[in-house]
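Participant: I'd like to ask some things about the structure below.
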């Protein structure tokens, strides 16, 4: 690996800092590039004509470039701050005077502005000869390196090419050469660079040299990163545009911009192991439960009691004004001071309003070393000016606790709904059970982790009949525990296979940890499904206001999540579809992407074929075709995939066809869809006006459930109909089979699941 002269870079940054600058001159950027081992034009800085005359011989090319060298003018072309001159002293003098005149016209004093004179590097400005290479520190993900199309049309390409095609990016952490090569290959320019574009034979650049260059930039970014405590300075951004491909195939920087700062990130780790006491507490303290009415604290208390994970005698209620008439509430002991706790408590739930008294209470909890974890339901921390001050005070309290021998308490929230934990047998949602009955679904291999408590209860209500999350965690503003902390802890749970995560914003640099944990989950065969809110500028502002977190650049998140194996849902319907499908199919085997489709409606066969995405239609074996010919009506059925059984096929014929398809070794996965309105299928509950009964063993849903259960292949179902057929759809779904009300939605969900293996 090429040695990088980090000391020279440090000295350049120190000199700029001493000059009270946070933006480097182009000349300084060139010096840094040369210290890193990246080619840049030989250059000199001059302050006046006399200095130019004495040093001009240092630039030996036949043509010279004269540029304004000032942080006041980052876009030099806009003010006429770039001139070219032949190898002639008089011509160079004239060019310098033109630049200084342009500086004066732009409102600056020419005597205070230096010029840079550099070599002229001949190259063609044709498409593909100008590249952009850069890195910047993303507030969520830390240093990221970028590669793409360069030159003056960079922004145009960015707006008009598909996302990721004009500019590709990677996190610089542990960035391999293979990952860099994949990044380059992702862009629209790749085929032109390697000479693979139509009508092109010439290879423009040695890709290995380009990989070397990007690897050097990545090392520079990592070394001078806010995450590296061993250096004083941190780059916020560093860009070369264009990185030109010379006529001889040489990569050389022809313009550069860099900004830096003198700060480091506070990366004090949380004691993540204490999340066990938060999720599986055996003792609890509730703050804010009313002894008279059903306020949020009282609702939480009752939900906590009914779960039976924490014995009543181990549930305490903090009431500073405790009197003789309320020694107990709902059979749980009241205390007026933390000193009255007989033993340390695993979990405290705080529901009182945000105030200085609340901050002081949490300080006492942490200092007492009697509380392992705190869920702060309270809103009002961070959302307003007053709340921001309280939030800062609370952060200081929590960080001070990290200096204690026990590392203090871990804090979930504030502005969160609470937690439901099946392993912990408890519920701290402040929603009455008559408004949100406990989920009763057959699937429980999911951890649902949501920044929005409202979304979490909506999701629970929507799909609670199908799955019962092992954990339903509302994490709110992440004042302490972050989404990455929960993911890190829960990955080790052998019974959790799918993480469905709703995110509005990430805390500073926590996105980097999230990528690490998501990659770890992927390597263990687990699925991380995310819906990210705040994708547009308006949405990002709303999300930031709501959660006091950084919403960030969605395109950065999209690319980095994809590289870590995170499955990003496009909308909430897709998010819930993925949650259902991924959880239900976790026990099935992955064979491949050869899809079999059976329906009883022609329009569905066509719609399904249009929706298969990366899947491909399987070619049935001769045995399967023979079975179809035997069971289905002759003369009106095409026995190719997708199979349209027609509405006249009865339950037995339809299900025999399904069984034959699932047994076919040429079929890896299947979509079974029925328009149940036909009289040939037994799809209704028992009734006086007909003889159907879906509870009968020979009914359509019962037969279908058995056929799917007897196969280890991934199968999803569509029941396209109205409310009359809800019992049929619910019957199938209650068996743990992903069931949809449109075939295109079913096919799309299955395709997303199978794509997760690639």
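Participant: Considering only segment 596-621, state which residues are without any contact (Cβ under 8 Å) to a residue 24 or more places away in the chain and not in a helix (DSSP H, G or I).
Facilitator: 616
Yes/no matrix, rows are residues, columns are (1) closer than 30 Å to residue 19 by Cβ; (2) touching a residue at least 12 places away in the same chain (Cβ under 8 Å):
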{"site": "120", "(1), (2)": "yes, yes"}
{"site": "136", "(1), (2)": "yes, yes"}
{"site": "143", "(1), (2)": "yes, yes"}
{"site": "169", "(1), (2)": "no, yes"}
{"site": "174", "(1), (2)": "no, no"}
{"site": "192", "(1), (2)": "no, yes"}
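Participant: If we scan segment 363-371, do we find a residue that is crowded, with 24+ Cβ neighbours inside 10 Å and either in contact with a helix residue (DSSP H, G or I) (Cβ under 6 Å, 6 or more places away or on another chain) or not in a loop (DSSP other than H, G, I, E, B) (or both)?
Facilitator: So far as segment 363-371 goes, yes, one or more of its residues are crowded, with 24+ Cβ neighbours inside 10 Å and either in contact with a helix residue (DSSP H, G or I) (Cβ under 6 Å, 6 or more places away or on another chain) or not in a loop (DSSP other than H, G, I, E, B) (or both).
Participant: Which helices (runs of 4 or more DSSP H) sit wholly inside segment 699-758 and have at least 3 residues that are farther than 22 Å from residue 441 by Cβ?
Facilitator: Here the list reads 743-755.
Participant: May I ask you to list the residues in segment 224-263 that are more than 19 Å from residue 172 (Cβ to Cβ), touching a strand residue (DSSP E or B) at 6+ places or on another chain (Cβ under 9 Å) and part of a loop (DSSP other than H, G, I, E, B)?
Facilitator: Within segment 224-263, 246, 250, 254, 255, 262 meet the criteria.
Participant: Working only within segment 518-539, note down all residues that are surrounded by fewer than 23 Cβ atoms within 10 Å (Cβ to Cβ), under 19 Å from residue 138 (Cβ atoms) and at pLDDT 95 or above.
Facilitator: Answer for segment 518-539, where residues must be surrounded by fewer than 23 Cβ atoms within 10 Å (Cβ to Cβ), under 19 Å from residue 138 (Cβ atoms) and at pLDDT 95 or above: 519, 530.
Participant: Can we say residue 633 is surrounded by 14 or more Cβ atoms within 10 Å (Cβ to Cβ) and either free of Cβ contacts under 8 Å to residues at least 12 places away in the same chain or closer than 21 Å to residue 703 by Cβ (or both)?
Facilitator: Answer is no for this residue.
Participant: Among the listed residues 456, 487, 481, 515, which satisfies the condition of being part of a loop (DSSP other than H, G, I, E, B) and not assigned by TED's automatic domain parsing to the domain that holds residue 172?
Facilitator: 481
Participant: Any residue that is in contact with a strand residue (DSSP E or B) (Cβ under 7 Å, 6 or more places away or on another chain) and surrounded by 21 or more Cβ atoms within 10 Å (Cβ to Cβ) - is there at least one of those in segment 152-165?
Facilitator: no
Participant: Something else about it: Looking at segment 109-130 only, could you name the residues that are out of contact with any strand residue (DSSP E or B) (no Cβ under 9 Å at 6 or more places or on another chain) and surrounded by 13 or more Cβ atoms within 10 Å (Cβ to Cβ)?
Facilitator: 110
Participant: Okay, next question. Regarding residue 298, is this residue modelled with pLDDT of 95 or more, out of contact with any helix residue (DSSP H, G or I) (no Cβ under 8 Å at 6 or more places or on another chain), closer than 23 Å to residue 381 by Cα and not in a strand (DSSP E or B)? Working first, answer last.
Facilitator: On the way: modelled with pLDDT of 95 or more: yes; out of contact with any helix residue (DSSP H, G or I) (no Cβ under 8 Å at 6 or more places or on another chain): yes; closer than 23 Å to residue 381 by Cα: yes; not in a strand (DSSP E or B): yes.
Answer is yes for this residue.
Participant: If you don't mind, another one. Quick check on this structure: which one of 624, 657, 678, 683 is in a helix (DSSP H, G or I) and within 26 Å of residue 730 (Cα to Cα)?
Facilitator: Going through 624, 657, 678, 683 in turn, the sole match is 657.
Participant: On to the next question. Considering only segment 490-510, how many residues are farther than 20 Å from residue 446 by Cβ and either outside the structural domain of residue 422 (by TED's automatic domain parsing) or part of a strand (DSSP E or B) (or both)?
Facilitator: 1
Participant: Can you tell me how many residues in segment 35-74 are under 30 Å from residue 211 (Cβ atoms) and either without any contact (Cβ under 8 Å) to a residue 40 or more places away in the chain or within 41 Å of the chain's Cα centre (by Cα) (or both)? Give the steps one after another, and end with the answer.
Facilitator: At the first step, the residues of segment 35-74 found to be under 30 Å from residue 211 (Cβ atoms) are 35-43, 61, 65, 67, 74.
Those still in the list that are either without any contact (Cβ under 8 Å) to a residue 40 or more places away in the chain or within 41 Å of the chain's Cα centre (by Cα) (or both) too: 35-41, 74.
Count: 8.
Participant: Filtering segment 200-220 down to residues that are in contact with a helix residue (DSSP H, G or I) (Cβ under 6 Å, 6 or more places away or on another chain) and not in a helix (DSSP H, G or I), which residue is farthest from residue 6 (Cα to Cα)?
Facilitator: 204
The values are calculated or read from the model by the stated rules, or taken from the named source; none is laboratory data. Predicted, not measured: the structure shown is a model, and the values here were computed from it. Heads up, the Cβs are rebuilt from the backbone with ideal geometry, glycines too, and the neighbour counts pull from every protein chain shown.
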